[in-house]
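Beneath this line is the structure, given in structure tokens, with notes to follow.
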Amino acid sequence: MKSVLFAALLTATVAQAQDQQPVTIDLTAKGAPIASTMWGVFFEDINLGADGGIYAELIKNRSFEFYKPLMGWKTLGTQKKEGSFLVINRGLAAEKNPRFLRIQLNNAGAGTLGLENEGFRGMGLKEKLPYNFSCWYQLEGKAAILQLELLDETDQVIGKSSLQLPASSDWRKLETSLVSQTTSPKGKIRIWIEGDGQLDLDMISLFPTDTWKGRKGGLRADMVQMLADLKPGFVRFPGGCIVEGHELDTRYQWKKTVGPVEERQVIVNRWNTEFAHRSAPDYFQSFGLGFFEYFQMAEDIGAAPLPILNCGMACQFNTAELAPLDQLDTYIQDALDLIEFANGDISTQWGKLRAEMGHPLPFNLKYMGVGNENWGPQYVERLKLFTTALKAKHPEIEIISSAGPFSNGELFDYLNKELRALPADLIDEHYYRKPEWFLQNARRYDTYDRKGPKIFAGEYASHVEGNLQADKRNNWHAALSEAAFMTGLERNADIVRMASYAPLFAHIEGWQWNPDLIWVDNLQSVGSPSYYVQKLFSTNRGTNILTAVQAGQPLAGKDSLYVSSVWDETSKEVIVKMVNAGPVAVQLPIVFKGKPKQKGHIQVYTLHSDSLTASNSLTSPRLVAPIVSSMPVSKKDLKANLPPHSFVVYRIPMK
Ligand code: AHR
């Protein structure tokens with residue numbers, strides 16, 4: 001029904017459409033293959049992307065390691081008569097998880113002494129869903145009981161359970177489950193503690209049971225599903241600036257993110273303090289989503305893993321600390337060991353750990369990034385040392401080198417020259433620019449050296465100016481300009497091997513950076529218009545480039561039109577992507593050179609809005625989303641109907 005209405009509207013618009021000269025698609029020669037990695041995703045723990053986001057843990061500061069040890073927690077009760085709370089720090093004796101909470105219980109009875117955790121901007125609780133509660137404890141005394149209550153946003157109890165803690169002089173883990181009776185987007189948990197003696201608690205945890213693939217302690221299924229739906233060719237992780245750290249001490253170190261979660265050392269998230277106007281004092285990294293989980297998620301969704309590692313340089317926008325060249329061995333060893341962790345035999349040290357974590361088979365790592373947005377001669381010096389060491393042991397791994405934070409200018413030109421001289425395998429270019437830049441740069445790669453390094457458009461997003469309000473920036477104008485630019489990436493897929501929008505996720509109450517591809521609250525996720533642009537490209541990737549020209553030239557901005565075309569060997573279809581960035585409807589004839597026989601129905605995906613400022617929200621998630629229609633293949637020439645401000649994809653079956 002929707003598509004019939006849409007077709008009627010389209011006919012009305014097309015009545016005043018501008019006729020264009022035909023675009024000729026050459027079917028006589030299949031062009032260069034399009035890499036299976038062409039369209040991927042870039043994950044960084046920014047905007048509560050991991051903790052408070054895709055990592056489904058509901059308890060904030062579960063191990064009391066935030067700067068303020070009780071951040072996120074509230075203690076309940078007299079704290080005198082019934083008992084008291086102390087934060088103990090074991091220091092070097094338990095370096096990875098030094099703090100725990102000691103509770104002195106003085107015959108504490110029902111409802112007298114307790115703890116409450118607020119979650120990350122509340123906890124999303126779902127009706128009838130069981131939740132797994134667990135904690136580590138030791139107890140000097142006879143026994144204690146934890147009375148657990150799930151609360152909704154008005155503090156009504158919506159779920160209950162209890163956990164008996166027998167005396168134990170060693171740390172033990174116990175768990176139970178409790179069901180939420182209703183849905184609450186901003187719930188919390190209250191833990192009443194009853195008993196007598198000295199109780200130590202650590203790693204107090206609450207997970208929903210409907211995680212991705214039902215994994216205990218796993219990831220939020222709705223968020224992973226949003227990624228799976230993109231059918232991404234790769235997952236770049238864990239950043240971004242988070243790789244570099246504000247200083248070297250807080251750089252991302254993958255070895256500290258694997259093994260048992262209670263031994264993954266919590267550190268501050270660099271986005272905690274990065275932007276004064278969006279500070280997030282409660283933003284830390286628990287690394288519950290660590291490198292094993294990243295690899296596993298990439299595998300689950302059929303994407304190649306693409307880790308980016310620190311190269312011995314902290315963020316140059318912050319401290320710009322450098323690891324001296326003669327101390328780079330640790331960093332390089334981390335890179336070599338990561339290859340062993342991902343691909344090594346289970347008899348090796350790191351391969352064994354992977355197997356112990358549940359994945360004896362290799363993760364098939366093929367790419368590794370050295371550095372993120374680093375620049376200058378200091379970067380080149382370090383990159384060369386990494387490259388020599390990595391290529392000597394692992395020539396099979398392709399190395400991704402950073403072209404710095406900017407898309408052109410002095411820093412870019414210097415690196416571009418140096419990296420091409422190396423020669424680098426792949427160069428990681430980033431562009432966060434205005435829509436106009438994206439519209440004007442659809443031919444950026446037409447003139448790149450075809451024999452030089454391949455390109456990874458590792459982070460990009462169109463930024464409309466001025467408005468810091470998230471939903472105002474993730475608008476159709478931005479997305480449309482990205483689509484136009486991406487036709488240029490696709491046309492140049494012989495050298496552009498990978499591309500990913502950035503950043504990926506943002507919590508509506510916890511973001512630092514916008515625009516972002518996917519927005520979430522505690523229960524739901526929504527794709528921005530840019531998400532649907534990405535999806536239309538990645539689910540219509542094709543296998544080979546086809547030449548598509550108008551009067552002998554690629555259509556890349558003339559009359560605000562952009563066209564690219566690919567052949568899909570699997571489905572035997574020609575796929576044409578067309579962007580009309582202008583305000584007038586257009587009829588674009590498509591002519592196939594090579595007189596193919598067509599059959600069946602053409603699938604048409606139209607992404608369009610009358611308003612360039614339109615965006616999607618949790619309440620209107622599909623305001624700008626593709627509308628699918630189909631039409632029979634006709635013997636006559638094909639005329640594509642492009643509404644004003646639209647991105648249209650045709651899939652045309654060929655015999
Ligand atoms: O995507 C957000 C940030 O932008 C990344 O962390 C960084 O690489 C870039 O500057």
> Has the stretch 451-463 got at least one residue that is among the polar types (S, T, N, Q), surrounded by 21 or more Cβ atoms within 10 Å (Cβ to Cβ) and closer than 22 Å to Tyr562 by Cβ?
Replying inline: yes
> Hey, does the stretch 233-255 have a residue that's buried (at least 23 other Cβ atoms within 10 Å of the Cβ), touching a Ser or Thr at 6+ places or on another chain (Cβ under 7 Å) and assigned to a loop (DSSP other than H, G, I, E, B)?
Replying inline: yes
>> So the check is Cβ under 6 Å with 6+ separation or different chains; which pairs have a first residue in the stretch 600-627 that's polar (S, T, N, Q) and a second one that's part of a strand (DSSP E or B)?
In response: Gln603/Ser630; Gln603/Arg651; Thr606/Ile627; Thr606/Val648; Asn616/Val526
> Mind checking whether some residue in the stretch 534-548 is in contact with a Ser or Thr (Cβ under 6 Å, 6 or more places away or on another chain) and more than 16 Å from the ligand (Cβ to nearest atom)?
Replying inline: yes
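From the list Ile346, Ile301, which one is under 22 Å from Glu263 (Cα atoms) and either out of contact with any His (no Cβ under 9 Å at 6 or more places or on another chain) or aliphatic (A, V, I, L, M) (or both)?
Ile346
The rows are residues; the columns are (1) within 27 Å of the chain's Cα centre (by Cα); (2) closer than 20 Å to Phe485 by Cα.
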{"site": "Val576", "(1), (2)": "no, yes"}
{"site": "Gln587", "(1), (2)": "no, no"}
{"site": "Val628", "(1), (2)": "yes, no"}
{"site": "His645", "(1), (2)": "no, yes"}
> Pro395: over 20 Å from Phe43 (Cβ atoms), more than 16 Å from the ligand (Cβ to nearest atom), more than 24 Å from the chain's Cα centre (by Cα) and in the same structural domain as Gln349 (by TED's automatic domain parsing), yes or no?
Replying inline: yes
>> If a residue must be within 14 Å of the ligand (Cβ to nearest atom), of a type in the set (A, V, I, L, M) and not in a strand (DSSP E or B), how many such residues does the stretch 471-510 contain?
In response: 2
>> Looking at the stretch 454-470 only, could you name the residues that are among the aliphatic types (A, V, I, L, M), within 16 Å of the ligand (Cβ to nearest atom) and touching a Phe, Trp or Tyr at 6+ places or on another chain (Cβ under 7 Å)?
In response: Ala461, Ala470
> Ile495: free of Cβ contacts under 8 Å to residues at least 60 places away in the same chain and in contact with an Asp or Glu (Cβ under 9 Å, 6 or more places away or on another chain), yes or no?
Replying inline: yes
> Within the stretch 511-523, how many residues are within 15 Å of Phe42 (Cα to Cα) and either aliphatic (A, V, I, L, M) or within 11 Å of the ligand (Cβ to nearest atom) (or both)?
Replying inline: 6
>> Of the conditions (1) away from the ligand (no atom under 16 Å from the Cβ); (2) crowded, with 16+ Cβ neighbours inside 10 Å, Glu356 satisfies every one except a single condition; which number is it?
In response: (2)
> Considering the stretch 502-561 alone, what residues qualify as being closer than 20 Å to Leu480 by Cβ and among the hydroxyl-bearing types (Ser, Thr, Tyr)?
Replying inline: Ser528, Ser530, Tyr531, Tyr532, Ser538, Thr539, Ser560
>> Is it the case, given these coordinates, that Tyr445 is over 26 Å from Ser279 (Cα atoms) and either assigned to a helix (DSSP H, G or I) or at pLDDT 95 or above (or both)?
In response: yes
> From the residues in the stretch 209-227 that are part of a helix (DSSP H, G or I) and more than 17 Å from Ala506 (Cα to Cα), which one is nearest to the ligand (Cβ to nearest atom)?
Replying inline: Trp212
>> Condition first: in a strand (DSSP E or B) and either hydrophobic (A, V, I, L, M, F, W, C) or within 16 Å of the ligand (Cβ to nearest atom) (or both). Can you find one or more residues in the stretch 420-427 that meet it?
In response: yes
> From the set of residues in the stretch 169-189 that are of a type outside the set (Asp, Glu) and exposed (fewer than 14 other Cβ atoms within 10 Å of the Cβ), which is nearest to Leu129 (Cα to Cα)?
Replying inline: Lys173
>> If I ask for residues that are more than 20 Å from the chain's Cα centre (by Cα) and either away from the ligand (no atom under 14 Å from the Cβ) or not assigned by TED's automatic domain parsing to the domain that holds Tyr531 (or both), which ones from the stretch 228-249 would you list?
In response: Glu247, Leu248, Asp249
> Could we say that Leu588 is more than 24 Å from Lys231 (Cβ to Cβ), at pLDDT 95 or above and surrounded by 15 or more Cβ atoms within 10 Å (Cβ to Cβ) here?
Replying inline: yes
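Give me the helices (runs of 4 or more DSSP H) completely within the stretch 261-373, filtered to those with at least 1 residues that are free of Cβ contacts under 8 Å to residues at least 24 places away in the same chain, ordered by residue number.
329-343, 349-356
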> Does Arg433 satisfy the criteria of being under 20 Å from Glu490 (Cβ atoms) and within 15 Å of the ligand (Cβ to nearest atom)?
Replying inline: yes
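The values are calculated or read from the model by the stated rules, or taken from the named source; none is laboratory data. All values derive from a computational prediction rather than experimental measurement. Note that we place each Cβ from the backbone using ideal geometry, even for glycine, and neighbour counts take in every protein chain shown.
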